[in-house]
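The values are calculated or read from the model by the stated rules, or taken from the named source; none is laboratory data. Because the structure is predicted, anything quoted here is derived from the model rather than measured. Don't worry about glycine lacking a Cβ; one is built from the backbone with ideal geometry, like all the others, and counts go over all protein chains shown. The accessibility values were calculated without ligands, DNA or RNA, using every heavy atom of the protein model including side chains. Shrake-Rupley method; radii C 1.70, N 1.55, O 1.52, S 1.80 Å.
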Amino acid sequence: MMTKIYVNINGVETEAKGELLQSILDFQAQAELDRQAQEAEREAKAIAKAALLERLGLTEAEAALLIS
Amino acid sequence: VANADRYRFGYRSSGRFRGFRSGRRYRFRRSLRWHDGAGLAKASGTDLDFEWSTPASGGYVLIGSTTTFSASSSVSIDSLFDSTYTNYKVITAFTCSVNDTNVFIKLRASGSDTSTNYVNPTFRFNTAGSTSEEGSTSSWKIVSAGSTETNSADLTIYNPAASKHTTLTTMGYGSYNPTSNSGYGNFAVGRQKSTTSFDGISIIPSGGTITGTVQIYGLAI
């Protein structure tokens, strides 16, 4: 069963239907895809950073000191 | 106007001003004259010591009233922007129904959201030193929000009603994911590249719903 979507327009809560409902669902789907892609990118960067620090033999605090 | 509300004023047929206080009648010495845009202000603690003065200008002027929303997937407010003010302040605080939620603003015209032509450099950071840049072309991202703590954002929107580019500066705090202790700050700037005259905004989470309040102020000069 599809959950109903409610929107607030000028202070009035109303169920979203038709084009409005579709536009919200489309936007939220795309926004969630973007968010997941950004999280994946952040995680990949963190892994690459840890690998680089290990190769250089530095701790994160030492690396931060270098660029401070 | 300090103390002025203790007095009631009326006109006499002669055009003179008179005031009443505690059943006693006070007569003003000066004839009433038209003071465009001015008001009577109490000049000192002495009775009857009023003078004409121009009300202070500038400041935040609340447009309409605070909008309260509950479990909404989108919050839209129309008829906010017109030629009365050039720039506007938006203050919003809310909780989300789910964690890991990005929250966005869209401009509206004639009752519809505008979903293209946004430029949105955004910088997200936390106390652990994590930083990232992200943005959107279909809206302006304002905060990375969560469910258990209040998320908040302070936006300034410049020239929305003018038929030229609208710009934005904002800062916000979002709890995002309290279980992993990852509250985030957001600095964002933005431009809406179309020359549409906008009159409203929508606040939209990337998932779930939001519950909270929003106030919109015109910035009087």
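Between A:Ala63, A:Ala31, which is of a type outside the set (S, T, N, Q) and either in contact with a Ser or Thr (Cβ under 7 Å, 6 or more places away or on another chain) or under 27 Å from B:Ser144 (Cα atoms) (or both)? First the steps, then the outcome.
Numbers: A:Ala63 fails: either in contact with a Ser or Thr (Cβ under 7 Å, 6 or more places away or on another chain) or under 27 Å from B:Ser144 (Cα atoms) (or both).
Of the residues listed, the single one that is of a type outside the set (S, T, N, Q) and either in contact with a Ser or Thr (Cβ under 7 Å, 6 or more places away or on another chain) or under 27 Å from B:Ser144 (Cα atoms) (or both) is A:Ala31.
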Report task. Output the residues belonging to segment A:1-31 that are modelled with pLDDT under 90 and either in contact with a helix residue (DSSP H, G or I) (Cβ under 8 Å, 6 or more places away or on another chain) or among the aliphatic types (A, V, I, L, M) (or both). Result -> A:Met1, A:Met2
Report summary line: All conditions in (1) touching a residue at least 12 places away in the same chain (Cβ under 8 Å); (2) part of a helix (DSSP H, G or I); (3) not polar (S, T, N, Q) are true of A:Ala37 except (1)
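What are the residues in segment B:163-210 that are assigned to a strand (DSSP E or B), β-branched (Val, Ile, Thr) and open to solvent by 60 Å² or more (accessible area, probe 1.4 Å), if any? If you could, list the steps in order and put the result at the bottom.
To start, the set of residues in segment B:163-210 that are assigned to a strand (DSSP E or B) comprises B:166-177, B:182-192, B:200-205, B:210.
If we keep only those that are β-branched (Val, Ile, Thr) as well, we get B:166-167, B:169-170, B:189, B:201, B:203-204, B:210.
B:Val189, the sole residue that qualifies.
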Report task. State which residue is nearest to the chain's Cα centre (by Cα) when the search covers only segment A:32-64 and only residues that are surrounded by fewer than 11 Cβ atoms within 10 Å (Cβ to Cβ) and at pLDDT below 90. Result -> A:Glu43
Requested in this report: Kindly list, by first and then second residue, each pair from a residue in segment B:103-120 that is under 21 Å from B:Thr209 (Cβ atoms) and small (Gly, Ala, Ser) to a residue that is in a loop (DSSP other than H, G, I, E, B) and at pLDDT below 95, limited to pairs with Cβ atoms under 6 Å and residues at least 6 apart or on different chains.
Outcome: B:Ser115/B:Ser138
Report summary line: The one condition B:Gly19 fails out of (1) crowded, with 18+ Cβ neighbours inside 10 Å; (2) at pLDDT 80 or above; (3) assigned to a strand (DSSP E or B) is (2)
Requested in this report: Return yes when B:Thr95 is within 17 Å of B:Ala153 (Cβ to Cβ), touching a strand residue (DSSP E or B) at 6+ places or on another chain (Cβ under 6 Å), of a type in the set (Ser, Thr, Tyr) and open to solvent by 40 Å² or more (accessible area, probe 1.4 Å) and no when it is not.
Outcome: yes
Query raised in the report: Got a sec? Which of B:Gly200, B:Gly190, B:Gly185 is over 18 Å from B:Tyr88 (Cα atoms) and either in contact with an Asp or Glu (Cβ under 7 Å, 6 or more places away or on another chain) or more than 14 Å from chain A (Cβ to nearest Cβ) (or both)?
Result: B:Gly185
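If you take the residues in segment A:1-31 that are more than 25 Å from the chain's Cα centre (by Cα) and of a type in the set (Gly, Ala, Ser), which one is nearest to the other protein chains (Cβ to nearest Cβ)? Don't jump to the end; show me each part of the working.
Here is the first cut: in segment A:1-31, the ones more than 25 Å from the chain's Cα centre (by Cα) are A:1, A:9-15, A:17-19.
After this cut, where a residue has to be of a type in the set (Gly, Ala, Ser) as well, the list is A:11, A:18.
Numbers: A:Gly11: 6, A:Gly18: 13 Å.
Looking at the filtered set, the residue picked out is A:Gly11.
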Report summary line: Taking segment B:61-92 and keeping only residues that are within 14 Å of another protein chain (Cβ to nearest Cβ), open to solvent by less than 10 Å² (accessible area, probe 1.4 Å) and in a strand (DSSP E or B), one is left with B:Phe69, B:Ser72, B:Ser74, B:Val75, B:Ser76, B:Thr92
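Check segment B:110-118 and report whether any residue there is closer than 18 Å to A:Arg35 by Cβ, open to solvent by 10 Å² or more (accessible area, probe 1.4 Å), within 13 Å of chain A (Cβ to nearest Cβ) and modelled with pLDDT under 95.
Our first condition is that a residue be closer than 18 Å to A:Arg35 by Cβ; within segment B:110-118, this holds for B:115, B:118.
Retained after the next criterion (residues that are open to solvent by 10 Å² or more (accessible area, probe 1.4 Å)): B:115.
Within this subset, residues satisfying the condition of being within 13 Å of chain A (Cβ to nearest Cβ) are B:115.
Now narrow it down to the ones that are modelled with pLDDT under 95: B:115.
Yes, there is a match, as at least one residue in segment B:110-118 is closer than 18 Å to A:Arg35 by Cβ, open to solvent by 10 Å² or more (accessible area, probe 1.4 Å), within 13 Å of chain A (Cβ to nearest Cβ) and modelled with pLDDT under 95.
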